[in-house]
Amino acid sequence: MYGRSGPERVSGMNILMLGGSSFLGRAYVSDALARGHRVTTFNRGITGPDRPGVEAVHGDRTRPEDLARLVDGRSWDAVVDTSGQQPHAVAAAARALRGRAGHYSFVSSVHAFSDWPGKPVDETSATFDCPADTPPDQPPANALKAGCERAVTENFGDDSTLLNCGLLIGPHENVGRLLWWLERIARGGQVILPGDPDRAMQLIDARDFAAFGLGLLEQGRTGRYITTGPAGGTTMGGFLRACAEATGSDAEFVPVDDEVLLAAEVAPWTELPLWTPGQPDWAGIWQADTTRGREAGLRNRPVEETVRDTWAWLGRRGPRDTPYTQGGTPLGIPEEKERMLLAHAAGAPGTDGSA
């Protein structure tokens, strides 16, 4: 069993995945099986098919009878929760699994830190004051992740790991930030290069996240880890160039300053995905300190590799019928607004179109 002194074996663990069929959970399951671990998945059976090789249990963590059916006659060395969003639901699962699992690894987010994205954060940064017993079905909010964390630690204490996730990209992405850019750049023509092309970014491939999380389990490590890409691992210009190279596009990148975008009421982060203006409210968004994670084995593949692999997967998946959205907000700039901004840039002196 998994304990505070670490697992007895680094392979052959019995792992419960809460989630396991979509994006990060899928990456965890694939890597865990490849490492020789036994995997049980627990999800509603809605977002994706069960991965071959797992014991799949379908159910809803908000239903006590489903949790009771999950734990009946089963126990695990560790549970990995990639899908917890509501503190009340995470608390219910953690209570049901206490005594049935030796360890609880929870995928949280940098959103849990109360100073982010305005300030840089590390593992000692304050989190939002959100209780574990927050009533169910709350509207999406950053503070909820902090409440989910408390639900885990109140039930598993030192036998828990919190992984504060940064911006995830990669094959099987289920939000669409990278996917929107790939598809837009693949269409060619003039494409907006938003803001400062040298603005540093932190991005992490879901496969690298999963590898790190499983490595922590195998090493018996606990506590909190900020889990994202290295500071300055890429830039906005470098990211867009990688998209152009992966798609073979002849797109012409047209720089458009932050001030112009804001004056045109372009919504940061969503209308031009991942773009953030150089303003105080966004000053720390790409400055999460990953030192502790790197000392524990966090490694990131080049962004160019992730972008290439994602484009190859998109080719296999094919076009999507519905727009990409984040929390119900459509991703991507309307064509008319894009044309207006490009026309404005064409009349601006000193625009050379380079990324």
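Bear in mind these aren't lab numbers, they're just calculated from the coordinates by the rules spelled out. Since the model is a prediction, treat every value here as computed from it, not as a measurement. Reconstructed Cβ throughout: ideal geometry from the backbone, glycine too, with neighbour counts over all protein chains shown.
Working from Cα positions, state the angle (0 to 90°, nearest 10) between the long axis of helix 236-247 and the longest principal axis of the chain. Helix 236-247 and the main axis of the chain meet at about 90 degrees. As a proxy for reagent exposure, 76, 313 were ordered by neighbouring Cβ count within 10 angstrom, fewest first; the result is 313, 76.
With contributions of -39500 (n - 2.57) from each DSSP H run of at least four residues, the per-residue ellipticity at 222 nm computed over the chain stands at -10000 deg cm²/dmol. For the pair residue 174 and residue 329, label points projected 7 Å from Cα toward Cβ lie 2.0 nm apart.
The angle between the Cα long axis of helix 87-97 and the longest principal axis of the Cα atoms of the chain comes to about 30 degrees, rounded to the nearest 10.
Of all the options 227, 329, 247, the one that moves most in a Gaussian network model of the chain with Cα springs shorter than 10 angstrom is 329. Largest GNM mean-square fluctuation across 114, 160, 21, computed for the chain with C-alpha springs under 10 Å, falls on 114.
Against the set (i) 46, 28, 19; (ii) 34, 21, 20; (iii) 38, 21, 19, the structure's computed semi-axes √(5λ) of the Cα gyration tensor in Å falls on (iii). Restricting to bridges with both residues inside the chain, how much of the DSSP beta-bridge set is antiparallel, in percent to the nearest 5? About 10 percent, rounded to the nearest 5. Residues whose amide H comes within less than 5 Å of that of residue 76, counting only those at least five positions distant or on another chain, are 101, 102 (H built at 1.01 Å from N in the peptide plane). Karplus-derived 3J(HN,Hα) values for the range 222-234, using 6.51 cos²θ - 1.76 cosθ + 1.60 with θ = phi - 60°, are 10, x, 9, 9, 6, 10, 7, x, x, 4, x, x, 7 Hz; glycine and proline are entered as x. Between residue 343 and residue 317, the FRET efficiency from the beta-carbon distance, with R0 = 22 Å, is close to 0.05.
Largest first and in whole Å, the equivalent-ellipsoid semi-axes of the range 14-165 read 25, 17, 15, each the square root of five times a Cα gyration tensor eigenvalue. Each DSSP beta bridge with both residues in the range 14-165 is either parallel or antiparallel, and the antiparallel ones are about 5%. Distance between the C-alpha centres of the range 298-351 and the range 154-228: 16 Å, rounded to the whole angstrom.
Under 5 Å between amide hydrogens, built in the peptide plane, is the criterion, and for residue 288 it picks out 121 among residues at least 5 positions away or on other chains. Relative to the longest principal axis of the Cα atoms of the chain, helix 177-186 runs at roughly 40 degrees. Amide H neighbours of residue 17 under 5 Å, counting only residues 5+ apart in sequence or on other chains, H built in-plane at 1.01 Å? So residue 17 has HN proximity to 40, 41, 42, 80.
Going from the residue with the fewest nearby Cβ atoms within 10 Å to the one with the most, 304, 338, 55, 149 rank 55, 304, 338, 149. Ordering 31, 66 from the fewest to the most neighbouring beta carbons within 10 Å gives 66, 31. Most fluctuating residue of 80, 191, 110 in a GNM of the chain with Cα springs under 10 Å: which is it? Comparing 80, 191, 110 in the GNM, the peak value goes to 191. Expressed to the nearest 5 percent, the antiparallel share of DSSP beta bridges inside the range 148-258 is 15 percent. Remark: the residue 279-residue 122 segment gains 54.5 nm on full extension, using 0.36 nm per residue and subtracting the alpha carbon distance.
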